[in-house]
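Peer 1: I am attaching a structure below and will ask some questions about it afterwards.
No lab work stands behind these numbers, since they all come straight from the coordinates. What you see is a predicted model; the values in this text were computed from it and never measured. We place every Cβ from the backbone using ideal geometry, glycine too, and count neighbours over all the protein chains shown.
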Amino acid sequence: MSEKIVAPSLLAADFANLQRDIEMVNQSEADWFHLDVMDGVFVPNISFGMPVVKAISKHAKKTLDVHLMIVDPDRYIKTFADLGAHNLTVHYEACNHLHRTLQSIKSEGMKAGVALNPHTSVQLLNDTIQDIDLVCLMSVNPGFGGQSFIENTYQKVAELKDLIAQKNAPTLIEIDGGVNADNAKKLTDAGADVLVAGSFVFKSNDPTATIKGLKERIA
Ligand code: DX5
Ligand code: ZN
């Protein structure tokens, strides 16, 4: 069984001390950086855009996992590749031609991810799963950090795991939203490969120790 991945979400970092928080993640046992890009249209919030991703990219020494919560993401695939994104995740709900979008992401040398809102069925990926490197199951409604975990997510993880096995697909399962010490192990036991954690890490007293604790819990 391959190692489980922890991806701290910088949305919960201190933006006035971003370099400090990036260095903390660099030095920690975390595996990836999770970057949430929001446009105020697809989701009711605006987070940060290209200049900030560029600044993060300059200092981050681990995989950049970019989660686009934007409409018409095809417009910016090349831009995020040039900024140093390793994984680029688009929302199923934001793509009219998902298959083409996935091919474009891969043609820019990135891993292709698809995020599903809590109301979006895993079964909608039946025809594309073999082309998807990572499925991000939203365990909160996207747009904000610090929300509580939606329990139905466990059921979706199990369904997605079955679909991946059935199609013999190479896809990783990522969980995003409300992840903490109480649900982490249950999620990886259900089949999750990647846990995104924002508030749980950055709002804790000792983020480095929190990351370490999370890694130990799901090892
Ligand atoms: C929500 C974002 C998440 C968010 C998670 O729209 O996609 O990545 O940062 O934050 P927490 O872990 O605080 O729920
Ligand atoms: Zn996210």
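Peer 1: How high is the relative contact order of the chain, given as a whole-number percent (alpha carbon pairs under 8 Å, six or more residues apart)?
Peer 2: Answer for the chain is 22 percent.
Peer 1: Now for a separate question. Mean residue ellipticity at 222 nm from the helices of the chain, using -39,500 (n - 2.57) per DSSP H segment of n ≥ 4 over the full residue count, to the nearest 500 deg cm²/dmol?
Peer 2: Taking each H run of at least 4 residues, the total per residue is -9500 deg cm²/dmol.
Peer 1: OK, next. Applying a 10 Å radius around every beta-carbon, put 103-114, 140-151, 194-205 in order of their mean neighbour count, most first.
Peer 2: In decreasing order of mean packing, 103-114, 140-151, 194-205 become 194-205, 103-114, 140-151.
Peer 1: Taking the Cβ of Phe33 as the center, what net charge do the other residues with Cβ under 11 Å away carry, scoring Lys and Arg +1 and Asp and Glu -1?
Peer 2: My count for the surroundings of Phe33 gives -2.
Peer 1: Summing +1 for each Lys or Arg and -1 for each Asp or Glu, what net charge is found among the other residues whose Cβ lies under 12 Å from the Cβ of Thr153?
Peer 2: -2
Peer 1: Determine which aspartates and glutamates satisfy two conditions relative to Lys61: a Cα distance under 15 Å, and not lying fewer than 8 residues away in the same chain.
Peer 2: Asp21, Glu23, Glu29, Asp31
Peer 1: If packing is taken as the average number of other Cβ atoms within 10 Å across a peptide's residues, how do 46-59, 87-100 rank, most packed first?
Peer 2: Those peptides, ordered most packed to least, come out 87-100, 46-59.
Peer 1: Please identify which residues in the stretch 27-65 have an amide N closer than 18 Å to a label point set 7 Å out from the Cα of Arg75, following the Cα→Cβ vector.
Peer 2: Output list for this probe position: 37-53.
Peer 1: Alpha carbon centre of the stretch 142-219 versus the stretch 97-130: separation in Å?
Peer 2: Here the answer is 19 Å between Cα centres.
Peer 1: Cross-link list Lys62/Lys215; Lys62/Lys156; Lys185/Lys215; Lys4/Lys62; Lys186/Lys212; Lys4/Lys212: which exceed 19 angstrom alpha carbon to alpha carbon?
Peer 2: In this structure, Lys62/Lys156 lie more than 19 Å apart at Cα.
Peer 1: Averaging the inverse of every distinct alpha carbon separation and then flipping it gives the Kirkwood radius. What is it for the chain, in angstrom units?
Peer 2: Across the chain, the inverse of the average 1/r is 17.1 Å.
Peer 1: Put one equal scatterer on each alpha carbon of the stretch 35-74, apply the Debye formula with no solvent term, and list log10 I(q)/I(0) at q = 0.32, 0.34 1/Å to two decimals.
Peer 2: Summing over Cα pairs of the stretch 35-74 leads to -1.10, -1.16.
Peer 1: Further, regarding this structure: Counting only other residues whose beta carbon sits under 13 Å from that of Ile22, what net charge do I get with K and R as +1, D and E as -1?
Peer 2: Residues close to Ile22 contribute a combined charge of +2.
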